[in-house]
1. When the residues of segment 563-594 are narrowed to those that are of a type in the set (A, V, I, L, M) and at pLDDT 95 or above, which ends up nearest to the chain's Cα centre (by Cα)?
2. Exactly one condition in (1) over 16 Å from LYS512 (Cβ atoms); (2) out of contact with any His (no Cβ under 6 Å at 6 or more places or on another chain); (3) not β-branched (Val, Ile, Thr) is not met by ASN467; state its number.
3. Could you check segment 142-166 and list, in sequence order, the residues that are touching a residue at least 60 places away in the same chain (Cβ under 8 Å), surrounded by fewer than 19 Cβ atoms within 10 Å (Cβ to Cβ) and in a loop (DSSP other than H, G, I, E, B)?
4. Select, from LEU348, LEU330, the only residue that is in contact (Cβ under 8 Å) with a residue 24 or more places away in the chain, touching a His at 6+ places or on another chain (Cβ under 8 Å) and not small (Gly, Ala, Ser).
5. Go through segment 283-322 and give me each residue that's without any contact (Cβ under 8 Å) to a residue 24 or more places away in the chain and either small (Gly, Ala, Ser) or assigned to a strand (DSSP E or B) (or both).
6. Out of the residues in segment 380-401 that are within 20 Å of CYS190 (Cβ to Cβ) and either of a type in the set (Gly, Ala, Ser) or at pLDDT 90 or above (or both), which is farthest from the chain's Cα centre (by Cα)?
7. How many residues are over 21 Å from GLY331 (Cα atoms), among the hydroxyl-bearing types (Ser, Thr, Tyr) and buried (at least 16 other Cβ atoms within 10 Å of the Cβ) when one looks only at segment 454-478?
8. Could you please tell me which pairs satisfy a Cβ distance under 7 Å, a separation of 6+ or placement on different chains, a first residue in segment 571-598 that is in a loop (DSSP other than H, G, I, E, B), and a second residue that is modelled with pLDDT of 90 or more and of a type in the set (Lys, Arg)?
Amino acid sequence: MLNVYLFQPQYKVVFNGTDQYWVPYSVGCLWAYASLFEWVHENFTLKDLFFARGNINELVKNLDDPKLCGFSCYVWNEQYCLAVAEKIKEKFPNCKIVFGGPQVNRNTLNEYRFIDSVILGEGEKNFVKVLKSIKDLKELESVYLGERITDLSELPSPYTTGVFDKIIEQNPGIYWQMAFETNRGCPFSCTFCDWGSLTYSKVKKHDLKKIEEEILWIKNHRISYIFIADANFGIFKDRDLEIARLLHQHLDQSTVETINAQFTKNSNSVVIEIAKTLGRLCRGITLSVQSMSDKTLNVIKRKNMAINKLGEMFKLIQEKQMRSYSELILGMPEETLESWKKGITDLLEAGQHNSIEVWFTQILKNSEMASEKSIKEYGIKTTRVKDYMFIFNEADDIPEYMDIVTETNSMSTEDMAEAYMYSWAIIHFHIRGYTQVLSKYARNYNISFQQFYNKLIENIHTSDILNAHYESIKKSITYYLRGDKSKSPINEGLSAHAWMQNKSFDVFYQNKDEVYNVGEKTFKDLFDYPNRDVITFQRASIHDEAVNYPMEKTLAFDYKEMKASELVTYSFDSDFDKNDNSYATRRTKSLKVSVNQL
């Protein structure tokens, strides 16, 4: 028997005090399909699935005469996989090393001579071709590039066929996070994304019976988090609603805490119905616009929902008392400093007051934006940064790298730093809640969000504490974008993204009075006769450890209508835990307390 080892290593996630790892779904799919063939059983045995990053020397030492080692490679494990593969080849020179996944292309073979072959695109059928060549003592092809799998009913589930049973049984203390795939493919071809470039064509569906069987499998295992790995969940309205119903029916009383869906790009009322059907399992509704600039959207081959439709969606989400999330990507072609400022405030105008995430544009290897043509046409310059995503190095000292855009022909590095700081102000003042009431009230009196936050940034510079912090963050970001790691303190164990979030979270919370003062100065600058009760309400709406909740206040202010009114009594309550230092809390949790009108 020939020994096969498959690798899809991930970092450990600690959530709610438990150790969690990702089930290695991609490589599990390969083995589930290969197991359909009798000749595979007669000639090969799957010795192990590697799902965690561990000590490489120990790992290689414990391998038993490997004939084939297959690696599923993406931005969070590329360097680790390469290091493991090289060590394996050194000790077992006759072992075949095969790489697949979004980080792999034809150049991979030239860059890393210890790799024997690469699989591009969907892997199941190509993996079987690799096994067949090994069985028949034939040389492997350098590149395996097959056509799209048109009938997904050919593919058995790695969950229900028992591929993961061994690793789950051997790790009784671990809770698992998993990818849940109901279809494959993406009808869009956004140039910054490697998804559409790899599978762009008609979306193929998994059978509903297979999907329900997987849901029942989830119910009987220690699954904590489900990532719906469809590019556009909700694109098949009736079908996806039925899947949501099945998820809720079987998993509402299970160990599953959260289901994260990548909803269809042009989200609509069906998405809200799906989220409502999922109930407590739903993480929230993602309305990711990436950019609000029409010029940029045209270049990156993306079309957002019309701003009025976007506003309708936010209004519906608020009425249903659901959470929404929006992402913007800074540094894409044709974006300018001014279009960025207008874009992020237009998102506020549309009604996004819950969560905005800003990421630097990442150049992914198989995306159209990574092509020489795009790089030249749009003047794209990049820098390679370490552990940009939310990653901790734990059992190894091998960092993962990301190429992020630092300059284009429409935005200089200095402009990008300025744009980032504009976003920083909106996220930490508005989304966190410190000035949200003030700015909403001002908007009701025809003062745009952009006017409000332009003035607020001016006023930050009048505060010694906040100005010093602002300049410190801006300087760190500028050095970071320039690639001058010796002058940027960002990589201190946390990812860059987490560092930026956590640093300001603490400074703002520890200096709330100064933050309030800057917001109130802005408010007063914009009104000849500012409503003092609005200011009182604004302060009361943010968690304060000195307050014994619930708290009541009677004010001449209508919170729902955002205008002066007869006296109204409000109750303020909070469950915020200032000692919760988790990244997830600091990234998404608002400091806003709950408010009820009595």
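The values are calculated or read from the model by the stated rules, or taken from the named source; none is laboratory data. All figures in this text were calculated on a predicted structure; none of them were measured in a lab. Ideal geometry is used to build each Cβ from the backbone, glycine not excepted, and the neighbour counts take in all protein chains shown.
1. To start, the set of residues in segment 563-594 that are of a type in the set (A, V, I, L, M) comprises 564, 567-568, 584, 591, 593.
With at pLDDT 95 or above added as a condition, the list becomes 567-568.
Numbers: LEU567: 43, VAL568: 41 Å.
The residue in question is VAL568.
2. Evaluating ASN467 over (1) over 16 Å from LYS512 (Cβ atoms); (2) out of contact with any His (no Cβ under 6 Å at 6 or more places or on another chain); (3) not β-branched (Val, Ile, Thr) leaves (2) as the failure.
3. PRO156, THR161
4. LEU348
5. ALA306
6. ILE380
7. Qualifying residue count, segment 454-478: 1.
8. Short answer, once both residue conditions are applied: SER590/ARG432; LEU591/ARG432.
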